[in-house]
1. Going from the alpha-carbon gyration tensor of the chain, what semi-axes, largest first and in whole Å, does one get by taking the root of 5 times each eigenvalue?
2. Would you kindly derive the ³J(HN,Hα) couplings of segment 82-99 from the backbone phi angles with the Karplus curve 6.51 cos²θ - 1.76 cosθ + 1.60 (θ = phi - 60°), listing them in order in whole Hz, with x for Gly and Pro?
3. What is the set of long-range amide H partners of G74 at a cut-off below 5 Å, with H atoms built 1.01 Å from backbone N?
4. Relative contact order of the chain: what whole-number percent is it, with Cα pairs under 8 angstrom and at least 6 residues apart?
5. For the chain, modelled as a GNM with alpha-carbon contacts under 10 angstrom, which of A35, A17, A45 fluctuates the most?
6. If you roll a 1.4 Å probe over the heavy atoms of the protein chains, what accessible area per residue do you get for the chain, in Å²?
7. Taking the chain as a Gaussian network, Cα atoms linked when under 10 Å apart, which of E56, E71, E81 shows the biggest mean-square fluctuation?
8. So which aspartates and glutamates pass the test for K20, namely a Cα distance under 13 Å, with those fewer than 8 places away in the same chain ruled out?
Amino acid sequence: MAKKTEAKTVGVDDVTARFKRDVQSGKILYGAEQALKGLRNGSVARVYLSSNCAKEFASDIRRYAQLSSTEVIGLSYPNDEVGTLCKKPFSISVAAVQK
């Protein structure tokens, strides 16, 4: 008998834990310009967007991510809290994880 595969729902806690794990790995780029550059080069595995990321940056990142088959994850935190999660003294709207 074939096994049933269940669709795993990703909760806020799962996304936060995954984001923290990625930040601790040290292979992360901060900022929209760095993320776009990495997406164009194909060196980005995932992109995280804050809840209040500027629309023009978000649309550009989503477009390039779709072209390079890169996962885009929307965080439920505003950019100042994302900066705090990354232990940086500034706000972060876009964070990209390098391959």
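The values are calculated or read from the model by the stated rules, or taken from the named source; none is laboratory data. Nothing here was measured: the structure is a model prediction, and the numbers come from that model. We place every Cβ from the backbone using ideal geometry, glycine too, and count neighbours over all the protein chains shown. We work out accessible area using only protein heavy atoms, side chains counted, and drop any ligands, DNA or RNA first. Shrake-Rupley method; radii C 1.70, N 1.55, O 1.52, S 1.80 Å.
1. Numbers: eigenvalues 106, 61, 34 Å².
The equivalent ellipsoid of the chain has semi-axes of 23, 17, 13 Å.
2. 5, x, 5, 4, 8, 6, 10, x, 9, 7, 10, 8, 9, 10, 10, 9, 6, 6
3. L49
4. 37 percent
5. A17
6. Per residue, the chain has an accessible area of 67 Å².
7. E56
8. E81
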